[in-house]
Amino acid sequence: MDPLKIVRSVDDLASRLATQSAPKVFIGTPPPMRPLSMLSDAVPHPAVGFEPIPLSRHAGEITPYERRKYRLATESLAEPLDRGLEMGYASWHNTGPLQDYVRGMFPTVEQGDQRFRELMGITSAASHGTGVPKELQKGTLYHHLLRQGDLPKFRNIRTATSWAQKARDEGLIPEGYGHSMQGNDLLAISKFWDGGLGFPREGKSGEAYKIASYFANKMGDLSPATLDTWMYRMQKAEPGRTQHYGHLEDLLRRLAAERGVQPGQAQPAVWMTRGGEIGVDSLDQPSFMHYLEEMTRKRAAELGEHPENVLRDVILGNQYLYRPDEQMQTQV
């Protein structure tokens, strides 16, 4: 028998025995993680274990003219959708590699999934009216503040906005993190945290359906569509008219069903291929995972640390991200 094969067989047996006999021990800090490149280089797959509870949509009035306009506009997205699917953008929300990554940091799957859920929920809540880099910049900061005990609960936008202004004055929120919809971000985070790490699903008028849908997509439920300001414009709807979200989503759902994909796959395929025509500013990377990895590497380079250490600290809430090449003093 080949001596090399014998050595490999012995090594494999020893590895299995060690795995079976040595329980995982969590002593303050997580064990070393796999190379960071696994996030973007791994075969993309959806996260698992998230219960796909249907999202109710408030049924607002819609005129015959609006109905026809939305239908024709959505039908015109068929060609960009086909191109996007061909280019692989249906995998844009597939955060499964990150979920695997986080699970490897904790002694149990349940603990890992809870921390993964926190990060996905808070970054989703920070996505009001902004691109993905800014979402990660703000979301990881809020996650950090929450984990450090510096982020209070908010009951309305007024108190959230007032607190944010005071936090900036005191240096708790760095320059460049101000945002015209910061109160919306912080209020959504409070609702997420108070709601047991979930967003409202009862479909009341005025609710941010996009946030709940975005979170569901990141958690592996691709049945809802994340319709942001740009998708509204592509479907010829006025941004902010949440009462029409359900109708617009149904139209996109029909387009997706004709191609055997889910709404959460069709939306990013259209968004990535058509977005450049209407000014979408988050088209530099092919997926959410690539953005996370890019920003982690930039932050690590600025700090002179290994990217694995930065990502681990972001997941634990000990660190936050921003893009070093941004003018941080610029308010957006």
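General observations
A quick yes/no check of all residues on (1) of a type in the set (A, V, I, L, M, F, W, C); (2) under 17 Å from ARG71 (Cα atoms); (3) modelled with pLDDT of 90 or more; (4) surrounded by 17 or more Cβ atoms within 10 Å (Cβ to Cβ):
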| position | (1), (2), (3), (4) |
| --- | --- |
| SER213 | no, no, yes, yes |
| LYS218 | no, no, yes, yes |
| LEU227 | yes, yes, yes, yes |
| ILE278 | yes, no, no, no |
| PHE288 | yes, no, yes, yes |
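- Residue count for region 73-117, restricted to those that are of a type in the set (Gly, Ala, Ser), more than 24 Å from PRO286 (Cβ to Cβ) and without any contact (Cβ under 8 Å) to a residue 60 or more places away in the chain: 1
- The one condition from (1) in a helix (DSSP H, G or I); (2) surrounded by 13 or more Cβ atoms within 10 Å (Cβ to Cβ) that TYR65 does not meet is (2).
- Hits in region 134-149 (condition: assigned to a loop (DSSP other than H, G, I, E, B) and within 19 Å of TYR322 (Cα to Cα)): GLN148
- Against the conditions (1) touching a helix residue (DSSP H, G or I) at 6+ places or on another chain (Cβ under 9 Å); (2) surrounded by fewer than 18 Cβ atoms within 10 Å (Cβ to Cβ); (3) touching a residue at least 12 places away in the same chain (Cβ under 8 Å), ASP194 satisfies every one except (1).
- Looking across region 298-315, the residues that are touching a residue at least 24 places away in the same chain (Cβ under 8 Å) and either under 19 Å from MET87 (Cβ atoms) or buried (at least 18 other Cβ atoms within 10 Å of the Cβ) (or both) come down to LYS298, ARG299, PRO307, LEU311, ARG312, VAL314, ILE315.
- Near pairs, Cβ below 7 angstrom, 6+ apart or cross-chain, from region 40-56 (modelled with pLDDT of 90 or more) to any residue that is of a type in the set (Ser, Thr, Tyr): ALA47/THR95
Every residue, every condition in (1) of a type in the set (S, T, N, Q); (2) touching a Phe, Trp or Tyr at 6+ places or on another chain (Cβ under 7 Å); (3) under 21 Å from LEU227 (Cβ atoms), yes or no:
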position: MET87; (1), (2), (3): no, no, yes
position: THR95; (1), (2), (3): yes, yes, yes
position: GLN99; (1), (2), (3): yes, yes, no
position: ARG103; (1), (2), (3): no, no, no
position: GLY112; (1), (2), (3): no, yes, no
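- Test result for SER190, of a type in the set (Gly, Ala, Ser), assigned to a helix (DSSP H, G or I) and under 17 Å from HIS93 (Cβ atoms): no
- Residue match in region 13-20 (condition: at pLDDT below 90, of a type in the set (S, T, N, Q) and surrounded by 10 or more Cβ atoms within 10 Å (Cβ to Cβ)): yes
- For region 239-247, the count of residues that are under 29 Å from GLY276 (Cα atoms), among the aromatic types (Phe, Trp, Tyr) and over 17 Å from the mean Cα position of the chain (by Cα) is at least one.
- Among the conditions (1) at pLDDT 95 or above; (2) surrounded by 14 or more Cβ atoms within 10 Å (Cβ to Cβ), the only one that GLU294 does not satisfy is (1).
- The condition of being under 14 Å from VAL314 (Cα atoms) and more than 14 Å from the chain's Cα centre (by Cα) holds for only one of ARG115, ARG147, that being ARG147.
- The number of residues in region 163-178 being in a loop (DSSP other than H, G, I, E, B) and under 19 Å from THR140 (Cβ atoms) comes to 8.
The values are calculated or read from the model by the stated rules, or taken from the named source; none is laboratory data. As the structure is a prediction and not an experimental result, all values here were calculated from the model. Cβ atoms come from the backbone with ideal geometry, glycine included; neighbour counts cover every protein chain shown.
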